[in-house]
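The values are calculated or read from the model by the stated rules, or taken from the named source; none is laboratory data. Values in this document were obtained by computation on a predicted structure and should not be read as measured data. Glycine gets a Cβ as well: all are built from the backbone with ideal geometry, and neighbour counts include every protein chain shown.
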C-alpha cells in the first residue's frame, strides 16, 4: 500500500501538462506586448497589450501543426488590451502563434 501511495504521488505532477508556445511577432514599430496562455489542452489564447499612443490592427495566426491554422483579427486601442483565442479539435502538442500588428 505504501508503494502504491508513493507511486501515485510521484505521478501527480504529470497530470498538469502544459504545451510549449512559440510566438513570432511583427510589430511594425508599435509598442505592443503579449502574453500567450495554454488555456486548455485544445485551446490557446493570447493577450495583446498596446502601450503606445496609436491604435493597432492585429492579426493572430494560431498554428497547431496538422490542423488548419486559425486566424483571428483584433483591433487594440491605444492604452488597452484585447484577447484572442482558438479552439482545436485535437490536443495541442506545440503551439505556434504569428502576431502581426499594423498602425490603424
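Looking only at segment 48-72, count how many residues are closer than 15 Å to residue 90 by Cβ and more than 9 Å from the chain's Cα centre (by Cα). Residues that pass the stated criteria total 8. For segment 38-47, the count of residues that are closer than 22 Å to residue 103 by Cβ and under 12 Å from the mean Cα position of the chain (by Cα) is at least one. For segment 8-20, the condition of being surrounded by 12 or more Cβ atoms within 10 Å (Cβ to Cβ), at pLDDT 65 or above and not in a helix (DSSP H, G or I) holds for at least one residue. For segment 64-79, a residue qualifies if it is in a loop (DSSP other than H, G, I, E, B) and either closer than 13 Å to residue 30 by Cα or in contact with a helix residue (DSSP H, G or I) (Cβ under 9 Å, 6 or more places away or on another chain) (or both), and the qualifying residues are 77, 78, 79.
Whether any residue in segment 90-104 is under 19 Å from residue 27 (Cβ atoms), in contact with a strand residue (DSSP E or B) (Cβ under 9 Å, 6 or more places away or on another chain) and modelled with pLDDT under 95 is what I want to check.
Within segment 90-104, one or more residues are under 19 Å from residue 27 (Cβ atoms), in contact with a strand residue (DSSP E or B) (Cβ under 9 Å, 6 or more places away or on another chain) and modelled with pLDDT under 95.
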